[in-house]
1. Where does each of R186, R49, R327 land when they are ranked from fewest to most other beta-carbon atoms within 10 angstrom?
2. Going by amide H atoms built from the backbone, whose H comes under 5 Å of the H on E203, apart from near neighbours?
3. Please report the base-10 log of the normalised intensity I(q)/I(0) for region 59-216, using a Debye sum with one equal scatterer per alpha carbon and no solvent, at each q in 0.10, 0.20 (1/Å).
4. What percent does the relative contact order of region 166-284 come to when contacts are Cα pairs within less than 8 Å and at least six residues apart?
5. Taking all pairs of distinct Cα atoms, average 1/r, flip it, and tell me the Kirkwood hydrodynamic radius of region 38-129 in Å to one decimal place.
6. Give the whole-number value, in cubic angstrom per residue, of the convex hull volume spanned by the C-alpha atoms of region 186-342.
7. Loop-only trypsin sites (Lys or Arg not before Pro) in region 233-292, please: DSSP not H, G, I, E or B, and at most 16 other Cβ atoms within 10 Å.
8. Please compute the length gained on full extension between E332 and A108, using 0.36 nm multiplied by the number of residues separating them and subtracting their Cα-Cα distance.
Amino acid sequence: MNKAILTFMIISLFLLISCTNNTKNSDDEIEVGITIYRYDDSFISFMRRNIETMLNGKAKFIMNDSENDQVKQNDQIDAAIQRNVNALAINLVDPASASFMINKIKPAGIPVIFFNKEPSKEDMLSYDKAWYVGTLSEESGNMQGEIVVKAWNSNPAWDKNGDGKIQYVLLKGEAGHPDAEARTERIKAVLTNNGIEIEQLDEQTANWDILQAQTAADAWIEKYGNNIEFIFSNNDAMALGALKSIQKQGYNIGDNNKFIPIVGVDAIPEIIEEIKKGTVVGTVLQSPKDQAKAIVDMLLNAAKGQDVLAGTEYKLDEVKGVRVPYRAITLENINEASEAYK
Ligand code: GAL
Ligand code: CA
């Protein structure tokens with residue numbers, strides 16, 4: 001082959017390669033990968049739909065259901081790395097697997113936004129292209145505690161055995177999940193700090209799940225009946241499960257002598273309806289819309305190689321986390337909850 005033609009071909013090939021590489025960075029060619037720990041989690045399903053809507057038309061994306069299986073999620077992340085996505089957003093199955101994930105992602109240099117299940121500080125600081133979007137877990141437990149303090153103090157009849165203490169049962173989310181641990185600890189601490197004595201009848205893990213909570217509450221009603229003076233639930237889905245269970249036994253359907261107050265967290269629409277009916281005392285709003293917005297803004301910035309906060313007003317804390325504030329919701333301010341779930 002003629003030397004000039006060969007040189008020409010090599011140069012053209014170079015141009016072609018550099019062009020294809022460049023177009024990856026233009027808006028319409030950006031590709032991001034999102035994994036969701038499980039699609040059938042009530043609160044997370046709102047978050048997922050918001051993320052989808054907000055990403056539509058802004059980037060190519062593949063979203064995966066990890067079906068509560070960490071091994072499956074690892075494979076999904078491997079596949080996204082293979083596709084050479086521009087950025088990743090990960091709702092971990094197991095918060096403790098963040099370091100394992102980072103060890104895969106870091107060599108590929110792909111930026112990653114973790115959300116909802118917070119990795120440890122050490123893991124967050126082990127990769128400069130890792131960020132977090134979520135809440136401050138303790139805040140939800142503190143607010144839940146304050147709702148209970150106020151409601152308990154204004155309803156003396158709720159102390160059914162008149163001993164001045166709250167005999168309660170507690171529904172816990174996934175063990176080891178920062179939200180579950182902090183909510184479980186803080187609600188008790190706030191009550192105690194406010195001079196309210198508490199006595200735990202039982203605590204059960206129901207993994208954020210309505211059916212598991214219903215099963216736990218069935219057993220409690222059988223065992224303790226009307227001696228239960230409060231049901232503390234780490235989230236609303238489990239609070240709904242408990243409500244269904246006790247309603248089957250005639251509680252919380254209008255008979256004042258058969259009432260067990262319940263509190264949850266999330267402010268999902270079904271719980272808002274129950275608060276309106278008076279079957280649930282209160283909840284703590286975490287906004288799926290505001291969190292999805294932060295995730296998408298940061299994900300797109302990261303994918304384009306821009307400053308992750310470009311064009312936003314978010315602030316990063318010491319673990320490079322953006323925190324969306326919670327809000328206590330009771331009948332008094334029930335309308336404040338509706339926007340976040342539209
Ligand atoms: C919590 C939320 C729960 C559940 C969990 C999943 O923040 O309150 O309802 O969705 O996240 O990680
Ligand atoms: Ca009592």
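1. Numbers: R186 20, R49 13, R327 17.
With the fewest neighbours first, R186, R49, R327 line up as R49, R327, R186.
2. So E203 has HN proximity to L170.
3. These q points yield log10 I(q)/I(0) values of -0.50, -1.22.
4. Across region 166-284, relative contact order equals 25 percent.
5. Details: mean 1/r = 0.0728 Å⁻¹.
Evaluated on region 38-129, it is 13.7 Å.
6. About 151 Å³ per residue, rounded to a whole number.
7. Hits after loop and neighbour filter: K258.
8. Gain in length upon complete extension: 75.6 nm.
Every number here is computed from the coordinates shown, using simple stated rules; none is lab data. Please read these numbers as outputs of a predicted model, since none were measured by experiment. Note: ideal-geometry Cβ built from the backbone for every residue, glycine included; neighbour counts use all protein chains shown.
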